[in-house]
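Working notes, structure below.
The values are calculated or read from the model by the stated rules, or taken from the named source; none is laboratory data. Only a predicted model underlies this, so the values are computations on that prediction, with no experimental measurement involved. Neighbour counts are summed over all protein chains in view; Cβ atoms, including those assigned to glycine, are modelled from backbone coordinates with ideal geometry.
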Amino acid sequence: AQKITQTQPGMFVQEKEAVTLDCTYDTSDQSYGLFWYKQPSSGEMIFLIYQGSYDEQNATEGRYSLNFQKARKSANLVISASQLGDSAMYFCAMREGNNAGNMLTFGGGTRLMVKP
Amino acid sequence: EAQVTQNPRYLITVTGKKLTVTCSQNMNHEYMSWYRQDPGLGLRQIYYSMNVEVTDKGDVPEGYKVSRKEKRNFPLILESPSPNQTSLYFCASQLRAMGVSLSTDTQYFGPGTRLTVL
């Protein structure tokens, strides 16, 4: 079974509107971390936001917020007031608590395209 | 500026010619890791290091070697590259090897090295 599922291969959003990128995860660990990374066409992997499994508040970082629903095992990324520079691939990732290698497991990604 | 650097950023080489991709971080991070990214396969971990002189295999270690002689450097060595190692490679570092919190748990990635093996 996929540990991280991103069901939206591609999305369009109008500039200045908000957009939600979906992510569901599968783990039996109680302790885990969830991440979102942005990969622009230049290729680098940019950390956006983090949510720990024990964090009670949803994480926020500027225009990014994470809608964490633990019971549903979902960790959707919300980008408010989209900008043209937000056009990129977005990856959801998870690190499980008993993962000795600290390996991040990535989803397949969502390509976001912001329309002017 | 806190960062992870990789060199070279782009490399085209031929089968069998040994190469090294360097990775360096200036954040005093304990943990470092190498991933490769391939279309349809996502990012997969190659090797990781929990601290100096402590390295271990990730999901796809075949054909690669690493070393961690200093905390800041974690080079990836391809002794005899083959075309199936053509990929985009990322080095990442993390403050602490263990821990689940924003400060300790977040992996920061280098800019990537695009390798083509002919």
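Details
- Scope the stretch B:31-66; condition within 17 Å of residue B:107 (Cβ to Cβ), surrounded by fewer than 20 Cβ atoms within 10 Å (Cβ to Cβ) and charged (D, E, K, R); matching residues: B:44, B:56, B:59
- Members of the stretch A:91-116 found to be more than 13 Å from every other protein chain (Cβ to nearest Cβ) and surrounded by 14 or more Cβ atoms within 10 Å (Cβ to Cβ), listed by number: A:112, A:114
- When A:114, A:78 are checked against the criterion of being over 10 Å from the mean Cα position of the chain (by Cα), part of a strand (DSSP E or B) and of a type in the set (A, V, I, L, M), a single residue qualifies: A:114.
- Note on the stretch B:1-60: enclosed strands (runs of 3 or more DSSP E) holding 1 or more residues that are of a type in the set (Gly, Ala, Ser) are B:19-25, B:31-38, B:42-51.
- Against the conditions (1) modelled with pLDDT of 95 or more; (2) within 10 Å of another protein chain (Cβ to nearest Cβ); (3) outside any strand (DSSP E or B), residue B:104 satisfies every one except (1).
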